[in-house]
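Structure record follows, encoded as structure tokens.
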Amino acid sequence: MTEARLSGSGLRLAYDDRLVVDGLDVTIPDGSFTVVVGPNACGKSTLLRALARMLKPRGGTVLLDGADIRSQPAKAVARRLGLLPQSPTAPDAITVADLVGRGRYPHQRLLRQWSPDDERAVAEALAATGTTELAERAVDELSGGQRQRVWLAMVLAQETPLLLLDEPTTFLDVAHQIEVLDLCADLRERHGRTLVAVLHDLNHACRYATHLIAMRDGAIVAEGDPSEIVDAALVERVFGLACRVVPDPETGTPLVVPAARRARVS
Amino acid sequence: MSAATQRVLPGRVVRSPRGRIALRVERRPFVVGCVLALLLAALAIVGIATGDYPLSPREVVETLLGGGDPSSEFIVETLRLPRVVCALLVGGALGLAGAIFQSVTRNPLGSPEIVGFTWGSAAGAVIVITVVGSNAGAAVSGGAVGGGLLTALLVVGLAWRHGIQGYRLVLVGIGVGLVARALTEYLLTRARVEDATQAAIWIAGSLNGRGWEQARPLAAALAVLAPLALALGPTLRALELGDDAARALGARVDGGRLALIAIAVALTAVATAAAGPIAFVALAAPQVARRVTRASGPGLIPAMLMGALLLEASDCAAQRVWPAQQLPVGIVTGAIGGCYLAWLLASEWRGRRRA
């Protein structure tokens, strides 16, 4: 088994009375770009929230660096594991630099609210996301794609080796989706970070993931290198969609082409 | 202290030599804070100097520094200074409480008088005046504090569901506040005329006849509560990003928010106990401060200074505009604060439409 700083075992996850995940084991390989896919309400976001300490499991444990994540001080966890939630809120009239700077919260203490490290981390996060020129703009006057990059910069400024992203490409047009995913791939390759993202687009997942987790009904159906596990049978089993899987002409990774049921055939 | 210029983030970083203390200070809020402090000092001197026996500003400063003659000493230190100190402390406490509430609820209407704590305090005080039949300052203050805390417990308890949500807190608070208000008004109609008059004066919010016995406990409470609030400032800034993001940053979301609400409730209660329910300071001061500093974030210190300024200015106006009548300051803050806020919002909306 590979090294893993983040894993969960025997996870039982529920909202109120609704059990979403029951008895799930998961391991996030270090240095991977792990993507979780599955149909709506399959529990993928729930799993991500549990891994990020947002949701208290009814049973089982999430281990971060060998210890139960819930037994560790919140700020200590936040220095190693960052999360970009699905819908964060930007305070009124906040500037980009100020928002990104708030990502330094877990590194700051009451009387040491700013250090040269903070300054460097913010500058690097802005540069990595291509938002340096936006630093003095107000967040609420940015486009959706710019805003998502700024939020990513905030999580990057946290400088955590592990980065969890809950549907980072939702509400973005296709060009901005690719931009965000390229950035994620970059972060893994150049900065050696481990990323976990929930994505909707299976083809994006196949292209960018180094480790794919396919979920259905709160359980993992298959996991591994997308090139090895994704075929028509898997897509049928996970999404109930008839399709063909062909090599992506750009990258050679699996490309899912839904079967034509009632489309116009020219 | 040495200061270093920064590139990415606005403002300068003030550091102690070994770097154990390092705070980022933005220029505009800092300058605004200094200007507010100067205005406060000037206004306080005006407040002390004017009245039935006018003193010159110079006499006021000399007396404050311990060098005045006995008669001006009596006028300054026994008659006028405690009132000015009361105004500054009450205003500061309300400004700070308002800033905390508005930030926690993420709602500019989430101020203590809207979410019902002020009316809860009023109900407590009116119960003491009309039902218990006591007019003693300490008893009325105790009633106000008790009423405010009880209302806060009720509002937070009713709004609690997997933690506190700002919107729910505001709505529940409005409801509970209306009940407290109805109770207050019912008690007034049932009370003896003299008690009802006494209570009505108290409800209007006034600094008339406030002395050291109100200022001292207020100063003590503020000396504890204000540093606590400032210490939770970073948590407040994290909370502004939404619960998930705040939790992901390692902030204690539920505990932190509850502690902040408790501090704000306590600030409101002690301020109300000292001067009665004073309208609009908690609502307007943080908004005005935020627009003047143009900072994003809770801006606790500017809000506190702005609250003190607003109340002291209102009190000067209340005493001088109709000297014979001794207008309750609460009525003036309502008028000034309300007009200023309306003007600000209107000009802002108009500016936005043009843009």
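Results, tabulated for the structure shown:
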| quantity | calculated |
| --- | --- |
| Residues satisfying the stated conditions in region B:238-261, i.e. touching a residue at least 12 places away in the same chain (Cβ under 8 Å) and more than 7 Å from chain A (Cβ to nearest Cβ) | B:L239, B:D243, B:V253, B:D254, B:G256, B:R257, B:L258, B:A259, B:L260, B:I261 |
| Residue selected from region A:66-82 under the condition over 21 Å from A:D117 (Cβ atoms) and not in a helix (DSSP H, G or I), by the criterion nearest to the other protein chains (Cβ to nearest Cβ) | A:Q72 |
| Number of positions in region A:78-94 that are touching a helix residue (DSSP H, G or I) at 6+ places or on another chain (Cβ under 7 Å), crowded, with 20+ Cβ neighbours inside 10 Å and not aliphatic (A, V, I, L, M) | 3 |
| Any pair with Cβ under 7 angstrom, 6 or more apart, that starts in region A:144-158 at a residue that is within 13 Å of chain B (Cβ to nearest Cβ) and more than 14 Å from A:T89 (Cα to Cα) and ends at one that is of a type in the set (V, I, T) and assigned to a helix (DSSP H, G or I) | A:A153/A:V100; A:A157/A:V100; A:A157/A:V122 |
| In region A:62-92, the residues that are among the β-branched types (V, I, T) and at pLDDT below 90 | A:T89 |
| Those helices (runs of 4 or more DSSP H) lying entirely in region B:35-136 with at least 1 residues touching a residue at least 24 places away in the same chain (Cβ under 8 Å) | B:81-104, B:117-126 |
| Positions within region A:85-137 being within 25 Å of B:V104 (Cβ to Cβ), more than 8 Å from chain B (Cβ to nearest Cβ) and in a loop (DSSP other than H, G, I, E, B), in sequence order | A:R109 |
| Residue under evaluation B:G250, criteria (1) part of a helix (DSSP H, G or I); (2) modelled with pLDDT of 90 or more, criterion not met | (1) |
| Residue match in region B:181-190 (condition: in contact with a Gly (Cβ under 7 Å, 6 or more places away or on another chain) and either surrounded by 18 or more Cβ atoms within 10 Å (Cβ to Cβ) or not small (G, A, S) (or both)) | no |
| Subset of region A:14-33 [part of a loop (DSSP other than H, G, I, E, B) and closer than 13 Å to A:L162 by Cα] | A:P29, A:D30, A:G31, A:S32 |
| Flag if B:W212 is more than 14 Å from every other protein chain (Cβ to nearest Cβ) and free of Cβ contacts under 8 Å to residues at least 24 places away in the same chain | no |
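The values are calculated or read from the model by the stated rules, or taken from the named source; none is laboratory data. Computed from a predicted structure; not experimentally measured. Methodologically, a virtual Cβ is constructed for each residue, glycine included, from the backbone with ideal geometry; neighbour enumeration extends over all protein chains shown.
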